[in-house]
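The values are calculated or read from the model by the stated rules, or taken from the named source; none is laboratory data. The model shown is predicted, which means the values in this text are computed figures rather than measured ones. Every residue, glycine among them, receives a Cβ derived from its backbone with ideal geometry; neighbour counts consider all protein chains shown. These accessible areas exclude ligands, DNA and RNA; they are computed on the full protein's heavy atoms, side chains included. Shrake-Rupley method; radii C 1.70, N 1.55, O 1.52, S 1.80 Å.
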Amino acid sequence: MTDESKAAAVRKRGSRGRRRKPRDRRKKVLVVSAWTAASVAVLGGTALGVVYYKLNGNIKGVDINAALGTDRPRDIDNGSQDILVLGSDSRSGKNAKYGKDEGAARSDTAMIVHVYKGHKKASVVSIPRDTLISRPECATEDGRTDPGGQRQMFNTAYEVGGPACAVKTVEKMSGIRMDHYVEVDFTGFKKLIDTLGGVDITTKKAIRDKDSHLDLDAGTHTLDGEQALGLVRTRHGVGDGSDLGRIQLQQAFIKALLDQVKDVGLFSSWDKLYNLANDATSAITTDSDLNDVKSLASFAGGLKGIGAGDMKMVTMPIQYDPADPNRVLPLEEADQEVWDALRADKPIPKSATDKSAGDKGAVGSVVSSD
């Protein structure tokens with residue numbers, strides 16, 4: 001054996017015998033919930049194999065592409081991304097303490113997150129759960145077909161056909177193809193906030209809502225997971241008691257949460273970083289393109305430059321339904337302005353929301369991030 005071949009053999013044996021050092025590439029945890037787009041936290045970088053597979057096993061995936069096939073808007077490749085973020089109101093399992101389990105979940109919170117080309121800014125459009133829409137035909141989870149129909153509440157799409165029907169309904173409404181899907185549930189959200197150490201919120205007025213277990217005096221609070229969940233769920237403690245007030249609270253909370261993530265010192269403790277990643281990956285369901293740690297971390301790394309000040313948040317333009325004050329209707333022309341802007345990767349024009357009932361509440365005078 002020549003000297004050169006001996007050296008090569010030594011190098012080969014050495015590569016098998018040594019454990020590779022973890023890379024020093026650290027990516028921030030991203031929270032997209034749905035509640036917050038927040039709603040979702042993700043650990044990036046390389047970890048020990050056992051940790052990687054543990055986190056991978058936490059994530060639940062849904063193959064939206066296979067479920068919807070070709071019945072979707074054209075995928076516009078302009079560098080932007082559109083993500084549907086849902087918060088599920090399931091009362092099964094550990095969520096039972098938040099209400100009666102009626103056998104099906106609905107989308108308690110729904111947001112379209114549009115990330116602009118360059119991934120430095122984003123727009124978020126909240127869709128009121130009580131919006132009456134034309135719901136498309138959807139496959140049900142037991143193999144049947146639901147025919148859809150006129151004047152259907154938006155959140156029933158998730159109830160009859162799960163994530164795929166929710167995505168299909170949003171795409172039919174907007175004409176925009178969703179690149180990704182992220183869903184967060186009650187208990188996962190609560191645990192995630194506790195692991196973060198809470199979120200700072202200032203209430204300018206007292207908020208009392210026994211239904212959402214929220215009881216806050218006016219002043220600055222560090223909300224724990226239970227209180228944060230109460231805040232994003234309350235609809236009777238602020239405004240006119242409708243879903244519109246709750247949406248504005250959710251938007252204020254998301255901005256506070258994004259600010260909090262920047263200052264939480266994630267890399268000061270391996271245990272804290274791991275616990276946060278474990279909680280986050282356990283809390284979410286994603287589309288199949290994101291349902292592994294590597295893909296999720298890559299996705300999160302592309303969004304880490306977007307802070308609260310880089311995010312414009314609006315409610316889909318709506319009006320109260322004259323036939324039912326507990327329901328709202330789309331303002332079709334204004335809605336089209338919103339969808340056209342996002343499709344063209346442009347800012348949402350102020351004119352699109354000027355006449356909407358969705359952004360006229362008094363929540364801004366009740367709560368703010370601190």
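At a glance:
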read-out: Complete set of residues in segment 298-309 that are out of contact with any helix residue (DSSP H, G or I) (no Cβ under 9 Å at 6 or more places or on another chain) and open to solvent by less than 50 Å² (accessible area, probe 1.4 Å); value: 299, 300, 301, 302, 303, 305
read-out: Subset tally (residues that are under 12 Å from the mean Cα position of the chain (by Cα) and either modelled with pLDDT under 75 or among the hydrophobic types (A, V, I, L, M, F, W, C) (or both)) for segment 109-131; value: 6
read-out: Unmet requirement for residue 222, which otherwise passes all of (1) touching a Gly at 6+ places or on another chain (Cβ under 7 Å); (2) β-branched (Val, Ile, Thr); (3) in a helix (DSSP H, G or I); value: (3)
read-out: Residue in segment 165-186 that is part of a loop (DSSP other than H, G, I, E, B), within 23 Å of residue 115 (Cβ to Cβ) and β-branched (Val, Ile, Thr) present; value: yes
read-out: Residue 116, sole failed condition from (1) open to solvent by less than 20 Å² (accessible area, probe 1.4 Å); (2) under 18 Å from residue 338 (Cβ atoms); value: (1)
read-out: Check on residue 192, open to solvent by less than 10 Å² (accessible area, probe 1.4 Å), without any contact (Cβ under 8 Å) to a residue 24 or more places away in the chain and either among the aliphatic types (A, V, I, L, M) or within 24 Å of residue 278 (Cα to Cα) (or both); value: no
read-out: Residue, nearest to residue 63 (Cα to Cα), within segment 134-163, restricted to residues that are open to solvent by 10 Å² or more (accessible area, probe 1.4 Å) and in contact (Cβ under 8 Å) with a residue 60 or more places away in the chain; value: 163
read-out: Residue within segment 52-68 that is at pLDDT 90 or above, part of a helix (DSSP H, G or I) and in contact with a Lys or Arg (Cβ under 7 Å, 6 or more places away or on another chain) present; value: yes
read-out: Residue, modelled with the highest pLDDT, within segment 77-98, restricted to residues that are in a loop (DSSP other than H, G, I, E, B) and either in contact with a Phe, Trp or Tyr (Cβ under 9 Å, 6 or more places away or on another chain) or open to solvent by less than 60 Å² (accessible area, probe 1.4 Å) (or both); value: 80
read-out: Enumeration of residues in segment 320-356 that are assigned to a loop (DSSP other than H, G, I, E, B), surrounded by fewer than 17 Cβ atoms within 10 Å (Cβ to Cβ), of a type outside the set (Gly, Ala, Ser) and free of Cβ contacts under 8 Å to residues at least 60 places away in the same chain; value: 322, 346, 349, 354, 355
read-out: Cβ pairs under 6 Å, 6+ apart, first in segment 287-303 and in contact (Cβ under 8 Å) with a residue 24 or more places away in the chain and within 14 Å of residue 63 (Cβ to Cβ), second surrounded by fewer than 18 Cβ atoms within 10 Å (Cβ to Cβ) and of a type in the set (D, E, K, R); value: 288/63
read-out: Subset of segment 51-73 that is farther than 13 Å from residue 292 by Cα and not charged (D, E, K, R) - its residue that is most open to solvent (accessible area, probe 1.4 Å); value: 70
